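Let me begin by presenting the structure, written as structure tokens, before commenting on it.
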Amino acid sequence: MSQSHTDQIDPVAAYEEITEHPEHDNQPVAVWLDKFVKAVGSVVMWANLLLVAAIVTQVLFRYLLNQSFPKLDEIQWHFYGLVTMIGISYAMVTDSHVRVDLLYMQLNRRTQRIIEVVGILALLVPFIYLMIDQGYDYFYESFRVNERSDSPIGLPARWAFKAIIPISFILLAIAALARLIHDGHALLVNNKEDLKGSGLRLIFISLAIFAVITLGLTFLVETTEEKLVIAMFLSFIALLFTGFPVAWTLAGIGVAYCGLAYLFDMGMMNWTGLEETLTGLDYLTLGAVVNRIYATMSNAVLVALPMFIFMGLMLDESGVAERLMSSMQKLFGKTRGGLAITVTVIGIILAASTGIIGASVVLLGVLSLPSMMQQKYSPRLASGVVAASGTLGILIPPSIMLVIMADQMALSVGDLFMAAVFPGIILGGLYLLYLFIVSYLNPKIAPVPEGAVAPDWAAVKDVLIAVLPTFGLILAVLGSIFAGIATPTEASGVGALGATLLALGYRKLTLKKLVNVLKSTFNTTAYIFAIFLGATVFSYVLRELGGDALIEDMIGATGFGPHGTILMILFIVFLLGFVLDWIEITLIILPLMRPIVAGLGLDIPGFDVVDEPTLIWFVILVAVTLQTSFLTPPVGFALFYLKGVCPPGIKLMDIYRGVVPFVLLQLLGLMLVFFWPALATWLPAVAY
């Protein structure tokens with residue numbers, strides 16, 4: 001690819017273009033509300049820079065002056081809570097939330113608007129009301145007693161931080177009102193263009209099928225609580241297919257089934273023929289989720305989340321990938337499949353420095369696909385290698401998925417990072433081995449470019465110059481975590497600063513690009529955190545209904561034995577990956593599996609050093625399995641991102657067929673880790 005073509009495309013801008021779909025009409029009230037929410041978000045997103053500064057300052061004080069300041073630690077999660085909570089309203093006005101598009105994209109625009117209106121009124125509004133009402137009480141009680149930090153030298157006025165909860169949901173209510181006005185106006189206008197596509201009949205048929213399945217499955221259990229658990233989970237799956245955002249579907253279903261359980265508790269559902277329940281769920285008990293949300297806002301581990309996202313996006317802006325692509329093409333120029341091998345190697349390097357799948361896939365696609373098409377590569381191989389290589393960052397540390405998994409499973413982030421190193425390298429190695437073999441057996445699908453010359457020392461020198469700065473950053477981040485010098489949160493802040501300095505050093509950083517990175521960090525963190533909020537409500541109600549006990553009993557009743565149970569869980573996760581994103585699976589399914597796996601009695605080697613080796617091994621197995629969720633239609637996000645930047649010669653079916661070999665290689669990597677657990681537990685043991 002020529003340099004001029006690279007300069008014409010901004011990968012972060014391309015990433016935003018295919019993840020944001022704002023509404024455009026002339027409704028002045030809605031437009032003003034949108035602008036107000038965006039203006040607030042545009043100010044708050046700069047708090048990410050303050051978060052970087054707070055983390056780096058704390059690190060400097062601790063290691064240079066041997067001083068520790070609790071105020072700085074608390075400021076960090078204050079900034080984190082601020083950007084995540086305010087970000088959810090910004091994500092709504094930019095329509096950046098995660099949704100399942102399988103049926104949604106087949107619907108006409110009018111039907112999509114009807115779904116959004118009904119979804120906001122029936123699912124989102126009750127949740128917003130609950131959080132504003134209970135959140136205000138939570139804040140006011142803190143204000144009344146003038147609550148301050150638990151530490152005597154910590155920050156005063158903790159009530160100011162708790163005030164973010166009702167304020168953020170008031171902003172979300174404003175954003176939701178803007179969406180309702182936009183949609184209501186469009187429905188009244190009744191534009192003929194909005195009628196192209198399927199109507200509500202497709203949704204009604206789908207929901208009816210799910211209702212029949214739900215009714216049938218409820219006969220398999222006896223108690224009313226168990227029936228409600230099954231109905232709740234299947235209702236969530238059914239409503240996902242309407243295309244309403246996952247976060248608000250989770251929250252709305254949680255609130256709805258809390259109300260339903262209350263009616264059963266009060267004996268108001270006797271007409272159904274089902275027994276009364278004793279769940280204890282009501283409006284006030286559901287208000288307990290406010291405290292859980294506050295705990296998530298003030299979670300020091302999750303502070304690393306926006307920092308690793310910022311680091312990855314800034315590295316994509318730094319020009320590192322372009323330098324690597326240019327130099328490595330010369331190194332592998334005479335090798336069959338050399339460009340595909342180059343893409344995989346760069347994917348591995350980027351994976352160890354960024355966990356942002358969307359930006360990585362878009363960047364690799366923009367840099368390599370036109371060149372591969374020009375060199376007459378098979379469209380299937382070209383698209384498959386870009387999609388698979390771009391998703392390695394979700395497994396190879398520092399991975400945002402592993403940060404969330406560590407939080408949900410009460411494990412050390414450092415342990416999971418170390419445990420994922422070998423499985424991640426194995427996957428990358430399998431990709432490279434596959435490319436070498438398939439290029440040798442069928443040279444036509446990955447030909448050597450005309451005029452290619454053998455690499456010389458100058459080419460090796462160019463590669464080293466391009467690679468060493470990135471390796472230095474990776475060493476600073478992962479090396480400090482593995483050596484126990486810095487916590488993952490501290491390392492994430494240092495990594496964010498290091499990526500910014502690299503961008504400055506390469507003279508790629510401009511104010512516009514900095515704003516783009518901050519905006520993308522803000523949006524990405526927000527939609528992940530929104531799913532945290534929804535999953536908090538959903539899982540709370542599910543547990544109060546006895547859902548965890550039901551799932552544990554059902555899996556225990558299969559009689560598959562310890563290893564068979566693990567395989568069954570992984571198979572379920574693999575199937576769920578076709579319709580759910582990794583975030584929902586991590587936040588809803590994974591915590592439910594913890595007591596089951598811990599009670600299997602598996603003798604996984606921890607080398608007498610590693611705590612919870614069985615859980616660490618299991619989490620890595622799930623993480624490798626979730627790699628497939630990015631490549632399996634219809635929800636495979638890597639396919640969605642890749643299609644947005646593909647040259648015209650690559651069709652959607654080429655992408656689907658191209659990823660099949662890489663999904664099989666991922667499953668092979670999964671089996672290697674399953675049969676040799678030491679691949680996941682040996683490195684953490686050595687580090688200790």
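State the three equivalent ellipsoid semi-axes of the range 350-389, derived from the C-alpha gyration tensor as the square roots of 5 times its eigenvalues, in descending order and whole Å. Spell out each step's value before the answer.
Numbers: eigenvalues 83, 18, 10 Å².
They are 20, 9, 7 Å, listed from largest to smallest.
What's the center-to-center distance, using Cα atoms, between the range 666-682 and the range 101-120 in Å?
Each part reduced to its Cα centre gives a spacing of 41 Å.
Please list 73-79, 431-437, 393-399 highest first by mean number of surrounding beta-carbon atoms within 10 Å per residue.
Values: 73-79: 21.7, 431-437: 18.4, 393-399: 26.4.
Result, highest mean Cβ count within 10 Å first: 393-399, 73-79, 431-437.
Taking just the C-alpha trace of the range 264-400, give me its Rg and Dmax in Å.
Computed over the Cα atoms of the range 264-400, radius of gyration and Dmax are 24.5, 77 Å.
Using the reciprocal of the averaged 1/r over all distinct C-alpha pairs, how large is the Kirkwood radius of the range 83-175 in Å?
Value: 15.4 Å, from the Cα pair sum.
Using the charge dipole of the chain (Lys, Arg: +1 at Cβ; Asp, Glu: -1 at Cβ; taken about the Cα centre), state which of F529, G197, W77 has its Cα farthest towards the positive end.
The residue sitting most towards the positive pole is G197.
Taking neighbour Cβ counts within 10 Å as the exposure measure, how do S439, S318 sort from fewest upward? The partial results should precede the final answer.
Details: S439 22, S318 26.
Ordered from fewest to most neighbouring Cβ atoms within 10 Å, S439, S318 come out as S439, S318.
Which order, highest average first, do 361-367, 586-592 follow once you tally other Cβ atoms within 10 Å for each residue and take the mean per peptide? Could the numbers behind the result be given before it?
Numbers: 361-367: 27.9, 586-592: 20.7.
Top to bottom by mean Cβ count within 10 Å: 361-367, 586-592.
With +1 on the Cβ of every Lys and Arg and -1 on the Cβ of every Asp and Glu, and nothing else charged, how large is the dipole of the range 304-687 about its Cα centre, in debye rounded to the nearest 20? Walk me through the intermediate numbers first.
On the way: 18 positive and 20 negative charges, 358 e Å.
Taking the Cα centre of the range 304-687 as origin, the dipole is about 1720 debye.
Dividing the convex hull volume of the Cα atoms of the range 594-638 by its residue count, what figure in Å³ per residue is obtained?
Cα convex hull per residue, to the nearest whole number: 94 Å³.
Looking at the range 495-641, what % of the alpha carbon pairs are farther apart than 26 Å? Working shown, then result.
Values: 4685 of 10731 pairs.
Looking at the range 495-641, the distances longer than 26 Å represent 44 percent of pairs.
Let me have the 222 nm mean residue ellipticity of the chain computed from DSSP H runs of 4+ only, each contributing -39500 (n - 2.57), with the sum over all residues rounded to the nearest 500. Please list the in-between numbers first.
Values: 31 runs with 475 residues, N = 688.
So the calculated ellipticity at 222 nm is -22500 deg cm²/dmol.
Which percent of Cα pairs goes in each bin when the distances of the range 304-687 are cut into 20 angstrom slices starting at zero?
Reading upward from the zero bin: 28, 58, 13, 0.
For the cross-link pairs K38/K513; K376/K651; K330/K444; K38/K508; K35/K162, which exceed 23 Å when the distance is taken from alpha carbon to alpha carbon? Don't skip to the answer; put the middle values down first.
Details: K38/K513 18 Å; K376/K651 15 Å; K330/K444 20 Å; K38/K508 26 Å; K35/K162 25 Å.
Exceeds cut-off: K38/K508; K35/K162.
Just want the answer: with Cβ charges of +1 for Lys and Arg and -1 for Asp and Glu, which residue in I170, F233, V385 is farthest toward the dipole's positive end in the chain?
Going by the charge dipole, the pick is V385.
Can you compute the charge dipole magnitude of the chain about its Cα centre, using +1 on each Lys and Arg Cβ and -1 on each Asp and Glu Cβ, nothing else charged? Give it in debye, rounded to the nearest 20.
Charge dipole, the chain, about its Cα centre: 2200 debye, nearest 20.
Determine the sum of side-chain charges near A247: Lys and Arg each +1, Asp and Glu each -1, restricted to other residues whose C-beta is under 10 angstrom from that of A247.
0
Cα axis of helix 125-144 to longest principal axis of the chain: angle in degrees, 0 to 90, nearest 10?
With both axes taken from Cα atoms, the answer is about 90 degrees.
Using +1 at the C-beta of Lys and Arg and -1 at the C-beta of Asp and Glu, which of S327, T681, P661 has the Cα lying farthest in the positive direction of the dipole of the chain?
In the chain, that residue is S327.
Give me the orientation-averaged projected area of the Cα convex hull of the range 95-140, in nm², one decimal.
On the way: hull surface 16.4 nm².
Spelled out: convex hull of the Cα atoms, projected over all directions, averaged, 4.1 nm².
In what sequence do E490, E544 fall when counting other Cβ within 10 Å, fewest first?
On the way: E490 23, E544 19.
The order, fewest Cβ neighbours first, is E544, E490.
With angles folded into 0 to 90 degrees, how steeply does helix 613-627 sit against the dominant principal axis of the chain? Use alpha carbons for both and round to 10.
It works out to around 80 degrees.
How large are Rg and Dmax for the range 127-250 when calculated on the C-alpha trace, in angstrom?
Rg then Dmax for the range 127-250, in Å: 21.8, 65.
Roughly speaking, what is the centre-to-centre gap between the range 385-448 and the range 25-63 when only Cα atoms are used, to the nearest Å?
Using only Cα atoms, the two centres lie 32 Å from each other.
Given N residues in the range 333-483, what is Rg(Cα) / (2.2 N^0.38 Å)?
On the way: Rg = 16.7 Å, N = 151, 2.2 N^0.38 = 14.8 Å.
Rounded to two decimals, the normalised Rg is 1.13.
So how do L575, L626 line up by other beta-carbon neighbours within 10 Å, fewest first? Mind showing how you got there, number by number?
Details: L575 11, L626 27.
Ranking L575, L626 by Cβ neighbours within 10 Å, fewest first, gives L575, L626.
Please give the per residue volume of the convex hull enclosing the alpha carbon atoms of the chain, rounded to a whole number of Å³. Don't skip to the end; give the middle numbers.
Numbers: hull volume 117.7 nm³, N = 688.
Taking only Cα atoms, the chain has a hull volume of 171 Å³ per residue.
What is the local net charge at L504, summed over the other residues whose Cβ is closer than 13 Å to its Cβ (Lys, Arg +1; Asp, Glu -1)? Don't skip to the answer; put the middle values down first.
Values: positive: R507, K508, K513; negative: E317.
Net charge in that neighbourhood comes out at +2.
Values in this text are rule-based calculations from the coordinates and carry no lab data. Everything numeric here is computed off the predicted structure, so don't read it as measured data. Cβ sites come from the backbone with ideal geometry, for glycine too, and all protein chains shown count toward neighbours.
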